[in-house]
1. In the chain, what percentage of the DSSP-assigned beta bridges are antiparallel, given to the nearest 5?
2. Go through the range 136-201 and name the chymotrypsin sites (Phe, Trp or Tyr not before Pro) that are in a DSSP coil and have 14 or fewer other Cβ atoms within 10 Å of their Cβ.
3. Among 120-126, 152-158, 185-191, what's the highest-first ranking by average C-beta atoms within 10 angstrom per residue?
4. Just the projected area, averaged over all directions, of the convex hull on the alpha carbon atoms of the chain: how many nm²?
5. Run the helix sum for the chain: -39,500 (n - 2.57) per DSSP H stretch of 4+ residues, divided by residue count, reported at 222 nm to the nearest 500 deg cm²/dmol.
6. Ranked from highest to lowest mean number of other Cβ atoms within 10 Å per residue, what is the order of the peptides 98-111, 42-55?
7. Please count, across the chain, the pairs of lysine residues with Cα atoms under 19 Å apart that sit 8 or more places apart or on different chains.
8. Mind checking which of LEU93, LEU112, LEU198 has the largest fluctuation in a GNM of the chain, springs on alpha carbons under 10 Å?
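A short reminder: the numbers here are calculations on the coordinates, not readings from a lab. On a predicted model such as this, the values are computed, not experimentally measured, just so you know. Because the Cβ atoms are built from the backbone with ideal geometry, glycine has one as well, and the counts that use them run over all protein chains shown.
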Amino acid sequence: MLLYGRNPVLEALQDGRVSEVLVARGVEEAFVAQLKATGVRLRFAPRIELDQLAGTTQHQGVLAEVEDLAWASLDDILDLADKREEPLLIVLLDGVTDPRNFGAIIRSAEVLGAHGVVVEERRSAPLSPVVAKTAAGATSYLPVAQTKNLPRLMDALKKDGVWVYGAAGEAAQDVRRVDFSGKVALVIGAEGEGMRRLVREKCDALVSIPVRGRVQSLNASVAAGILLFEATRGRDKA
């Protein structure tokens with residue numbers, strides 16, 4: 001996989017997954033020195049070559065070939081929660097197919113202390129370079145897993161004592177009034193469509209983010225970030 005963007009490439013270098021980095025001529029020396037300090041082999045090329053290889057001009061002057069991002073397992077997520085000695089905080093995505101939203105949710109989940117993100121195999125964006133760049137290196141630290149059947153996974157989590165909250169703009173329950181102190185799963189639906197009916201029915205509760213403007217809905221990744229913040233804020237108070 002061709003990985004681009006400074007943070008994703010630097011994180012991949014720390015993991016030892018890169019043998020050579022392609023750098024655009026004219027990139028500032030401070031960043032080149034940062035790359036050299038890792039011991040990786042550098043090759044310099046015209047910026048247009050990176051544009052063509054990455055398929056975008058948003059590569060920030062650096063590109064690396066790395067092993068494809070690998071899906072984690074649910075056990076990896078549960079193990080991370082156990083390792084931190086924290087009650088589980090997991091994000092379940094129902095039909096988030098935009099890679100930038102997917103990457104942004106992974107980034108928010110890692111930054112705000114979640115233990116993992118789970119998507120349904122046939123209803124998700126793949127783990128692509130766009131996802132990795134938008135996640136800004138978070139894919140190196142946060143387990144991202146797939147499940148064949150999201151409603152079935154929700155049932156299994158609930159049997160294990162996890163309380164499942166679904167984000168829904170029309171829900172009467174204000175997310176700021178929710179007790180997030182125990183094991184929690186946050187469900188984020190697709191842009192526009194929201195959660196599927198069966199997924200909604202499997203939630204223990206639906207929660208909403210209060211809005212004050214004329215636009216009555218939030219981008220999926222923004223909504224996920226707000227819910228994650230409220231969940232972690234509630235845990236800090238507990």
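1. Working: 8 of 37 bridges.
Percent antiparallel among DSSP bridges in the chain is about 20.
2. Values: sites: TYR141, TRP163, TYR165, PHE180; in loops: TYR141, PHE180.
Counting only loop positions with at most 14 other Cβ atoms within 10 Å, the chymotrypsin sites (Phe, Trp or Tyr not before Pro) in the range 136-201 are TYR141.
3. Working: 120-126: 15.6, 152-158: 17.1, 185-191: 22.3.
Going from most to least packed, we get 185-191, 152-158, 120-126.
4. Details: hull surface 57.2 nm².
The Cα convex hull of the chain, projected and averaged over all directions, gives 14.3 nm².
5. On the way: 9 runs with 90 residues, N = 238.
Mean residue ellipticity at 222 nm (helix-derived): -11000 deg cm²/dmol.
6. Working: 98-111: 22.8, 42-55: 14.0.
Going from most to least packed, we get 98-111, 42-55.
7. 10
8. LEU198
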